[in-house]
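Everything on this sheet refers to the single structure shown next.
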Amino acid sequence: MRFRDRDFLVTGGSGALGRRVVEQIAREGGRVVVVARAPVAGRETIVGDLSTPQGLEAVAEAVGARSWDGLVNIAGVQHFGPLEDQSPEHLLASYLINLVAPARLTQAVLPGMKQRGRGQIANVGSIFGSINFAHFATYSSAKAGMRALSQALRRELVGTGIAVTYVAPRAVATPFNSARVDEYARLTGMTRDDPDRIARKIVNAIRAGRRDVYLGFPESLFVRLNGLAPGLIDGALRSNDLKARALFAG
């Protein structure tokens, strides 16, 4: 999809990765509105909180009142640690932001897209949605749901003129990662990609109308292997899983 003179809604548009995606779409002539908890300087903003049912519904109502050519779901939150250490409030917010919000906002934009016979939904997931990492249980499972949502929607929307793109980066070097995640990355040798490079790849995938894009090697290979032989990936990850567990010992 071309961006010039098209209306795009971007969640997470104030974050380190989302901001770069917004800037690139705008440079190519797109009219971009961001969803954020506070007004974003220099950008039209729909202010709202996607982490609560009430906040999400308020945003969805505002979105549904307008026409959109593209929806880009980037907003995300992450818990790193044993599942039992995640607070119930943060667990609920994680699924709302990472999975429920993309589905609900897609509901809000689809009627207008169908009426015009064109549009694009772009969901920015994670390699963790295909290789479900220990100590990232809610994040991995929510991103797995986003991947499934993207595939199901693509099949549902065949013949409507609406494309669905799913992009799965691996770790990106942004403040999204906590100090503990950075320590885990150091201990395990996890590669963290440059956010400018990943933003360009996301925008390129949207522009080209690509279906499923998995970024990074060997992670993109592991995605395929995990689908065929998850036990093999269990073994490959065991050492790193034990290193992560050690961060929370005692």
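The values are calculated or read from the model by the stated rules, or taken from the named source; none is laboratory data. All values derive from a computational prediction rather than experimental measurement. We place every Cβ from the backbone using ideal geometry, glycine too, and count neighbours over all the protein chains shown. The accessibility values were calculated without ligands, DNA or RNA, using every heavy atom of the protein model including side chains. Shrake-Rupley method; radii C 1.70, N 1.55, O 1.52, S 1.80 Å.
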Among (1) touching a residue at least 60 places away in the same chain (Cβ under 8 Å); (2) β-branched (Val, Ile, Thr); (3) in a loop (DSSP other than H, G, I, E, B), the one test that ILE206 misses: (3)
Test: residue in region 95-105 that is touching a residue at least 24 places away in the same chain (Cβ under 8 Å), of a type in the set (Gly, Ala, Ser), buried (at least 23 other Cβ atoms within 10 Å of the Cβ) and assigned to a helix (DSSP H, G or I): yes
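Out of everything in region 131-150 that is of a type outside the set (A, V, I, L, M, F, W, C) and over 14 Å from LEU99 (Cα atoms), what residue ends up being farthest from the chain's Cα centre (by Cα)?
So in region 131-150, the residues of a type outside the set (A, V, I, L, M, F, W, C) come out as 132, 135, 138-141, 143, 145, 147, 150.
Subsequent filtering for residues that are over 14 Å from LEU99 (Cα atoms) retains 132, 135.
Working: ASN132: 15, HIS135: 18 Å.
If we take residues in region 131-150 being of a type outside the set (A, V, I, L, M, F, W, C) and over 14 Å from LEU99 (Cα atoms), then HIS135 is farthest from the chain's Cα centre (by Cα).
Restricting to region 4-15, name every residue that is of a type outside the set (A, V, I, L, M) and within 20 Å of the chain's Cα centre (by Cα).
Start the filter on region 4-15 by keeping residues that are of a type outside the set (A, V, I, L, M), which leaves 4-8, 11-15.
ASP7, PHE8, THR11, GLY12, GLY13, SER14, GLY15, listed by residue number.
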Residue in region 117-134 that is surrounded by fewer than 15 Cβ atoms within 10 Å (Cβ to Cβ), closer than 26 Å to ARG2 by Cβ and at pLDDT 90 or above present: yes
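Yes/no matrix, rows are residues, columns are (1) at pLDDT below 90; (2) polar (S, T, N, Q); (3) over 19 Å from the mean Cα position of the chain (by Cα); (4) open to solvent by less than 60 Å² (accessible area, probe 1.4 Å):
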| site | (1), (2), (3), (4) |
| --- | --- |
| ALA199 | no, no, no, yes |
| VAL223 | yes, no, no, yes |
| GLY227 | yes, no, yes, no |
| ALA249 | yes, no, yes, no |
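Out of the residues in region 135-148 meeting the condition of being of a type outside the set (Ser, Thr, Tyr) and open to solvent by 40 Å² or more (accessible area, probe 1.4 Å), tell me which one is farthest from VAL172 (Cα to Cα).
From region 135-148, those of a type outside the set (Ser, Thr, Tyr) are 135-137, 142-148; that's our starting set.
If we keep only those that are open to solvent by 40 Å² or more (accessible area, probe 1.4 Å) as well, we get 137, 147-148.
Numbers: ALA137: 18, ARG147: 18, ALA148: 22 Å.
By that ranking, first place goes to ALA148.
Determine, yes or no, whether VAL63 is open to solvent by less than 20 Å² (accessible area, probe 1.4 Å), at pLDDT 95 or above and not in a strand (DSSP E or B).
When the stated conditions are applied, VAL63 passes them.
Residues to consider are ALA163, ALA152; find the one that is open to solvent by 10 Å² or more (accessible area, probe 1.4 Å), modelled with pLDDT of 95 or more, out of contact with any Asp or Glu (no Cβ under 7 Å at 6 or more places or on another chain) and in a helix (DSSP H, G or I). I'd like the intermediate steps shown before the answer.
Details: ALA163 fails: in a helix (DSSP H, G or I).
After applying the criteria, what remains is ALA152.
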